[in-house]
Amino acid sequence: MKLELRRIILFTPNIEAMSRFYGETLGLDLIASEPGWKEYRAGTCAIALHDGVSKVGNRPPKLAFYAADVAAVRATLTRRGVKMGKLLSAAKHDMCDGKDPDGNAFQISSRK
C-alpha cells in the first residue's frame, strides 16, 4: 500500500478570514470552493478550510511551507500584516514561525 498526502483540512468557524489569509495573504491558488469548503493548492499538498470548530490537541500540527529565501518571505508577510516570529538559522536552513487568523501555527523554512 502506498499513501500520498493530498490535503490538510483545517476546521474553522472563521472561513472567510481564513480564506483571505491563505488565498490573498499567502498567495495560494484557490482550487475548489463550495459552501463551507475552500481548498488551496500548496505545492503537492492542498490546504482545505472546512466550516466548523476545531478541537485542537495539546500540541497541534504545524503547516510548513518551503521558501528558498525565508527572510524575504518573512518581510513580505510582515508588510501584509501577519505577525511573524524571529528569523532563526540552523546549520543548514533558516526558518520563521507565524500564525493564521485562527491561531494555527505555520512555518516558512528553507529546509528541503
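Read-outs: derived from the displayed coordinates by stated rules, not from any lab. Owing to the predicted nature of the structure, the values given are computational and were not obtained by experimental measurement. Cβ atoms come from the backbone with ideal geometry, glycine included; neighbour counts cover every protein chain shown.
Our summary of shape: the Cα atoms of the chain have principal axis extents of 42, 41, 30 Å, ordered from largest down, in whole angstrom. From its DSSP helices (H runs of at least four residues, each -39,500 (n - 2.57)), the chain gives a residue-normalised ellipticity at 222 nm of -4000 deg cm²/dmol.
Taking neighbour counts of Cβ atoms within 10 Å as a proxy for exposure, in what order, fewest first, do 26, 88 appear?
Details: 26 22, 88 13.
Placing the least packed residue first, the sequence is 88, 26.
Please state, to two decimals, what the Cα-based radius of gyration of segment 1-61 comes to when divided by 2.2 N^0.38 Å (N = residues).
On the way: Rg = 12.1 Å, N = 61, 2.2 N^0.38 = 10.5 Å.
So the Cα radius of gyration is 1.15 times the expected 2.2 N^0.38 Å.
With a Förster radius of 25 Å applied to the beta-carbon distance between residue 24 and residue 53, the computed FRET efficiency rounds to 0.60.
For residue 43, the shell of other residues with beta-carbons less than 15 Å away shows a net charge of +2, using +1 for Lys and Arg and -1 for Asp and Glu. In a fully extended conformation the segment linking residue 4 and residue 88 would gain 27.2 nm over its present Cα-Cα distance, using 0.36 nm per residue.
Spacing of the modelled spin labels on residue 99 and residue 64, each 7 Å from Cα toward Cβ, amounts to 2.1 nm.
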